[in-house]
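Taking it in order: structure first as structure tokens, then the write-up.
The values are calculated or read from the model by the stated rules, or taken from the named source; none is laboratory data. If you're wondering where the values come from, they're calculated on a predicted model, not measured in any experiment. Cβ: placed from backbone, ideal geometry, glycine included. Neighbour counts: every protein chain shown.
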Amino acid sequence: MTNNQLTEAIERYLSGQMDKEELARFDELRREDADIDMKIAEHQQFLGILKQYRERVELVDRLNAIHAEIDVHELVEEMTSHPSWVVRMWRQHHSKISVAASIAIFAMLATMFFTGYFGGQPKYRELREEIGRVKQSTAQLNLKTNALQRQINGSPKKHMLPGNYKGSGFALSSDGYIVTNYHVIGSRYDSVYVQTASGDSYRVKVVYTEPQYDVAILKIDDSSFKGLPALPYSFKKSKSDLGERVYTIGYSEGDSPVVDQGYLSSANGYQGDSAAYRVSIPVNPGNSGGPLVNSKGSIIGIVSGKQTQTEGASYAVKTGYLYKALQNVPQDSLSDKVTMSNKNTLSNLNRVQQIKKLQNYVFMVRVY
């Protein structure tokens, strides 16, 4: 099926123009092919945007029509020269004036609502952690002093300065490719480092960023890095089920990995974003870029943010969009092809055993 044929089929599917037999075949195709399912979700979201735009244009046309019917200057003159006509004018035009006033009030309230004027409006918060300047300066001085002491003692152990921002990331392959959120890295940085659970740190280069999906691909670029053992987890490309138990590992507190658990609460993310899941799980600044893992040890998403005023309402980019980002990476940007693991040795282990293995593949990401 060509792209044009697929687009036409999706439009007929969403508009309800398929007969029962064709609809059943297309539903089965959607369940079996995650790419087609994503294209349907994206097309549905696109149609929603078009509908909102059409409604906005209709509202503007309606306001213009009402404004054209009301001669403001004539009304002012009538009200000034003939006060007794005010009642007559109201009786003749009250419906139009009421509609215009109602729409104006609604537009004003909507603007105040969406700009966060009312404190109760939940907002999306990215979970990149900004390091305090005073704390950073003090820590830098302490680390420099400790580094000098280690040089005197001949210790080879590497340690990192605090950095400007902190997040999490996890391995895509055993040869040093790592994924995190784009917003953790941002567009302005001097250097980026990752740190393991054991405290070793490595310089990385930013290979590719995909702001649309909030994905960044990193590669450890450090001669002291000797590679990782084979990844024990796989990446789930198909959709996950509501209510599925999940957990995440990230660097939301100090230099040690923190585990949080919960369940998948919605197939869509913030404001209906089809590229993300909503999960009922407590996450904090520093969790951005960490893996969202199901009970079988498969990674189903990348933790990215949360609602500010809804307890436990967090979000994660679906791994299907990680695959899309990898497909968009220019081949000349990769020293080796990124081969994502499809073998899962965590599936038969309990949660504690899974975490013992998984934490060795999750990194703290520091941005300078």
Unmet requirement for Lys356, which otherwise passes all of (1) under 16 Å from Asp221 (Cα atoms); (2) basic (Lys, Arg); (3) without any contact (Cβ under 8 Å) to a residue 40 or more places away in the chain = (1)
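Residues are listed down the side, and each one gets a yes or a no for (1) within 17 Å of Pro291 (Cβ to Cβ); (2) surrounded by 15 or more Cβ atoms within 10 Å (Cβ to Cβ):
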{"site": "Val206", "(1), (2)": "no, yes"}
{"site": "Tyr213", "(1), (2)": "yes, yes"}
{"site": "Ala216", "(1), (2)": "yes, yes"}
{"site": "Asp222", "(1), (2)": "no, yes"}
{"site": "Gly227", "(1), (2)": "no, no"}
{"site": "Leu231", "(1), (2)": "yes, yes"}
{"site": "Phe235", "(1), (2)": "yes, yes"}
{"site": "Ser240", "(1), (2)": "yes, yes"}
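In the list Val204, Val246, which residue meets the criterion of being outside the structural domain of Glu42 (by TED's automatic domain parsing), over 23 Å from Leu346 (Cα atoms) and modelled with pLDDT of 95 or more? Walk me through it before giving the result.
Details: Val246 fails: over 23 Å from Leu346 (Cα atoms).
Of the residues listed, the single one that is outside the structural domain of Glu42 (by TED's automatic domain parsing), over 23 Å from Leu346 (Cα atoms) and modelled with pLDDT of 95 or more is Val204.
Would you be able to tell me the number of residues in the range 320-350 that are exposed (fewer than 15 other Cβ atoms within 10 Å of the Cβ) and in contact (Cβ under 8 Å) with a residue 12 or more places away in the chain?
Looking only at the range 320-350, we keep the residues that are exposed (fewer than 15 other Cβ atoms within 10 Å of the Cβ), and these are 327-328, 330-333, 335-337, 339, 342-343, 348, 350.
Okay, now just the ones that are also in contact (Cβ under 8 Å) with a residue 12 or more places away in the chain, so 328, 330, 333, 335-336, 339, 342-343.
Total meeting the criteria: 8.
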Among the residues listed as Glu8, Glu21, Glu28, the single one being of a type outside the set (Lys, Arg), under 25 Å from Ser240 (Cα atoms), free of Cβ contacts under 8 Å to residues at least 12 places away in the same chain and not in a loop (DSSP other than H, G, I, E, B) | Glu28
Taking only pairs six or more apart or across chains, which ones have beta-carbon atoms under 6 Å, a first residue in the range 253-265 that is in contact (Cβ under 8 Å) with a residue 60 or more places away in the chain, and a second residue that is assigned to a loop (DSSP other than H, G, I, E, B)?
-> Pro257/Ala197
Quick one: Ile299 ticks every box in (1) in contact (Cβ under 8 Å) with a residue 24 or more places away in the chain; (2) out of contact with any helix residue (DSSP H, G or I) (no Cβ under 7 Å at 6 or more places or on another chain); (3) within 21 Å of Arg245 (Cβ to Cβ); (4) among the aliphatic types (A, V, I, L, M) bar one, so which box is it?
-> (2)
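In a strand (DSSP E or B), hydroxyl-bearing (Ser, Thr, Tyr) and either outside the structural domain of Leu228 (by TED's automatic domain parsing) or within 25 Å of the chain's Cα centre (by Cα) (or both), is that true of Ser341?
Working: in a strand (DSSP E or B): no; hydroxyl-bearing (Ser, Thr, Tyr): yes; either outside the structural domain of Leu228 (by TED's automatic domain parsing) or within 25 Å of the chain's Cα centre (by Cα) (or both): yes.
Judged against the criteria, Ser341 is not a match.
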Conditions: (1) at pLDDT below 95; (2) within 20 Å of Pro211 (Cβ to Cβ). Thr308 meets all but one. Number of the miss?
-> (2)
Among the residues of the range 281-294, the number that are at pLDDT below 95 and either in contact with a Phe, Trp or Tyr (Cβ under 9 Å, 6 or more places away or on another chain) or buried (at least 24 other Cβ atoms within 10 Å of the Cβ) (or both) is 5
